[in-house]
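Asker: Once you've had a glance at the structure underneath, I'll fire off some questions.
What follows is calculated from the coordinates using simple rules that are stated; it is not laboratory data. The structure presented is a predicted model; accordingly, all values stated were derived computationally and were not measured. Here Cβ is always computed from backbone atoms with ideal geometry, including for glycine, and neighbour counts include all displayed protein chains.
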């Protein structure tokens with residue numbers, strides 16, 4: 001693999017059976033840390049509406065806000081491929097609006113690719129952009145921007161609905177997407193899709209047989225103290241560690257122990 005992860009690198013990883021590691025990122029500092037750790041793909045997700053802005057869904061995030069965060073993440077990434085999420089409302093007006101939104105993400109945000117949620121209605125946009133050198137990551141299954149249509153964040157693709165998700169996945173791949181997020185679907189369906197498409201699949205709540213995995217950074221680090229979905233594994237009790245650090249700072253300031261002499265400047 002080259003020093004910078006490219007789309008051909010991801011395709012090669014699928015062919016060779018090497019797992020792709022992806023994490024969401026929203027700022028420069030975490031982007032640098034994730035990049036340094038060796039994460040392959042940084043997804044600047046509209047999940048920032050929940051974990052950064054404190055909303056209950058992703059629907060309020062604007063295109064301008066996404067561009068701001070993509071730009072910050074891109075500054076911190078030296079190796080990882082950076083993908084920017086097209087937020088709710090930035091592509092629902094049809095092909096022209098979708099292309100204009102994507103162009104802004106590329107030009108102003110500096111991302112390597114954009115992510116577009118949905119199947120059938122999105123195929124024209126995916127094909128149009130892919131044919132014109134604008135890489136698109138697809139996203140099927142549980143698509144959070146459709147949360148109200150789904151009646152909440154519910155697992156998709158069970159029973160008879162499996163064929164709908166399968167058909168969406170096949171169509172998105174055929175339309176030219178370079179990669180496909182599979183979210184909140186049974187692992188057996190995710191395996192079938194992964195075997196059926198030539199592009200990498202990135203799972204989140206889709207089992208271990210996808211070509212790669214993505215988690216929301218704040219879930220992974222245990223910083224987001226809301227209810228975690230079943231598919232989340234917290235690799236650190238981040239909120240507890242932050243609480244401990246802040247308590248230490250408060251105590252030392254109130255007791256006059258910080259700043260200590262080593263934190264002070266002397267006269268020359």
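Asker: Once both labels are modelled 7 Å past Cα along the beta-carbon direction, what's the residue 149-residue 92 spacing in nm?
Answerer: Result: 1.0 nm between the two label points.
Asker: Contour minus end-to-end for residue 130 and residue 160, with contour as 0.36 nm per residue of separation and end-to-end as the Cα-Cα distance? Present the calculation step by step, with values, prior to reporting the outcome.
Answerer: Details: separation 30, 0.36 × 30 = 10.80 nm, distance 3.08 nm.
Net length gain for the segment: 7.7 nm.
Asker: Oh, and also: Once the Cα atoms of helix 63-76 and of the chain are each reduced to a long axis, what angle between those two axes, in degrees from 0 to 90 to the nearest 10, is obtained?
Answerer: So the helix axis and the longest Cα principal axis differ by about 70 degrees.
Asker: Given the C-alpha centroids of the range 220-234 and the range 187-202, what is the distance between them in whole angstrom?
Answerer: Value for the Cα centre distance between the two parts: 25 Å.
Asker: If you don't mind, there's one more thing I want to ask. Relative contact order of the chain: what whole-number percent is it, with Cα pairs under 8 angstrom and at least 6 residues apart?
Answerer: For the chain, the relative contact order is 15 percent.
Asker: How much length is gained on full extension from residue 263 to residue 246, taking 0.36 nm per residue of separation minus their Cα-Cα distance?
Answerer: Here the answer is 4.3 nm.
Asker: Fewest Cβ neighbours within 10 Å first, please rank 9, 267, 243, 40 accordingly.
Answerer: On the way: 9 16, 267 3, 243 11, 40 23.
In order of increasing Cβ crowding within 10 Å: 267, 243, 9, 40.
Asker: Given labels modelled 7 Å from the Cα in the Cβ direction, how far is it in nm from residue 28 to residue 228?
Answerer: Placing both labels 7 Å beyond Cα along the Cβ direction yields 3.0 nm.
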